[in-house]
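Participant: Can you read through this structure? Questions will come right after.
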Amino acid sequence: MAIKTLVFAGGAIHDFHGVGTAAREALASAGGFEITYVEQDLNVLAAPGLNPYELLVFHYTIGEISDAQKNGLLNWVNSGKGYVGIHSAADSFRGCPEYRALVGGYFTTHPKYRDYQVSLADAEHSITKGLPDEFMVKDEQYILDYDPRVHVLAAALWKGKAMPVAWTKPWGNGRVFYLALGHDAPACKHEMFRELLVRGARWAGTAPAK
């Protein structure tokens with residue numbers, strides 16, 4: 001049965017339309033997702049706006065989230081739903097520590113848009129199993145302050161240290177997948193971005209067995 005999915009894009013700075021459209025197309029091409037697409041209207045996060053969905057795929061930058069929107073989102077994921085954050089989802093709602101806790105980390109800076117190597121940190125997880133151990137991307141690398149309890153799936157070097165590129169974490173009964181790739185539409189067309197997004201969405205949108 002298809003995963004009922006809301007793909008949401010908005011905010012400032014980034015080409016949210018390009019990224020949101022690319023994410024929607026990647027999921028639609030893969031199959032197994034029943035997709036609704038929304039731009040900019042954060043009120044969908046307030047209860048009961050997310051009730052029809054099992055999965056939220058989210059790309060947003062900066063902005064503010066109201067208490068009703070924040071509580072709707074956090075409680076919905078906690079109830080056993082899935083959240084996938086793309087790139088600047090780690091730079092949304094800077095004044096909301098609860099949202100940052102949901103994602104598992106937040107943006108601090110980035111080097112220039114460039115080619116860099118991503119390496120798998122866990123090649124046995126269902127999201128990464130069978131993927132190349134290393135691959136090159138052309139993207140904006142996010143440097144993140146992150147919760148050390150997140151489960152890092154892939155990383156890239158920055159100033160000699162491994163910086164997460166993808167991770168998973170729980171939120172109550174729900175599942176969170178964050179993917180730091182996806183700065184713009186061209187970056188979202190990369191085969192590995194699309195593969196990680198689709199696999200991460202399937203993982204997050206499928207409730208764990210009881």
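The values are calculated or read from the model by the stated rules, or taken from the named source; none is laboratory data. Not measured: the values here are computed from a predicted model. Here the Cβ is made from the backbone with ideal geometry for all residues, glycine too, and neighbour counts use every protein chain on show.
Participant: I'd like the full set of residues that are over 9 Å from Ser119 (Cβ atoms) and either in contact with a strand residue (DSSP E or B) (Cβ under 7 Å, 6 or more places away or on another chain) or in contact (Cβ under 8 Å) with a residue 24 or more places away in the chain (or both), limited to the range 150-169.
Facilitator: Val150, His151, Val152, Leu153, Trp158, Met163, Pro164, Ala166, Trp167, Thr168, Lys169
Participant: What are the pairs with Cβ atoms under 7 angstrom where one residue, in the range 118-134, is at pLDDT 95 or above and in a strand (DSSP E or B) and the other, located anywhere, is of a type in the set (S, T, N, Q) and surrounded by 17 or more Cβ atoms within 10 Å (Cβ to Cβ)? Sequence gap at least six, or different chains.
Facilitator: Leu120/Thr128
Participant: Condition first: buried (at least 18 other Cβ atoms within 10 Å of the Cβ), in contact with a His (Cβ under 7 Å, 6 or more places away or on another chain) and aliphatic (A, V, I, L, M). Can you find one or more residues in the range 106-126 that meet it?
Facilitator: no
Participant: Moving to a separate point now. Could you check the range 157-210 and list, in sequence order, the residues that are among the aliphatic types (A, V, I, L, M), out of contact with any Gly (no Cβ under 8 Å at 6 or more places or on another chain) and modelled with pLDDT under 95?
Facilitator: Hit for the range 157-210 is Ala209, nothing else.
Participant: Given (1) in contact with an Asp or Glu (Cβ under 7 Å, 6 or more places away or on another chain); (2) surrounded by fewer than 16 Cβ atoms within 10 Å (Cβ to Cβ); (3) of a type outside the set (S, T, N, Q); (4) farther than 26 Å from Arg194 by Cα, identify the lone condition not met by Ile62.
Facilitator: Failed condition: (4).
Participant: Hey, another quick one. Just one of (1) over 17 Å from Tyr106 (Cβ atoms); (2) in a strand (DSSP E or B) trips up Met163, so point out which.
Facilitator: It fails just one condition, (1).
Participant: Determine which member of the set Lys189, Lys138 is in contact with an Asp or Glu (Cβ under 7 Å, 6 or more places away or on another chain), among the charged types (D, E, K, R) and within 18 Å of Ala23 (Cβ to Cβ).
Facilitator: Lys138
Participant: Here is a follow-up. From the set of residues in the range 183-210 that are surrounded by 19 or more Cβ atoms within 10 Å (Cβ to Cβ), assigned to a helix (DSSP H, G or I) and among the small types (Gly, Ala, Ser), which is farthest from the chain's Cα centre (by Cα)?
Facilitator: Once the filter is applied, the top-ranked residue is Ala187.
Participant: Does the range 1-33 hold any residues that are within 17 Å of His87 (Cα to Cα), assigned to a loop (DSSP other than H, G, I, E, B) and among the hydrophobic types (A, V, I, L, M, F, W, C), and which are they?
Facilitator: Ala12, Ile13
Okay, residues lined up against (1) in contact (Cβ under 8 Å) with a residue 40 or more places away in the chain; (2) farther than 23 Å from Asp139 by Cβ:
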{"site": "Gly18", "(1), (2)": "yes, no"}
{"site": "Ala22", "(1), (2)": "yes, no"}
{"site": "Glu25", "(1), (2)": "no, no"}
{"site": "Ala30", "(1), (2)": "yes, no"}
{"site": "Pro52", "(1), (2)": "yes, yes"}
{"site": "Ala68", "(1), (2)": "no, yes"}
{"site": "Asn75", "(1), (2)": "no, yes"}
{"site": "Arg94", "(1), (2)": "no, no"}
{"site": "Gly105", "(1), (2)": "yes, no"}
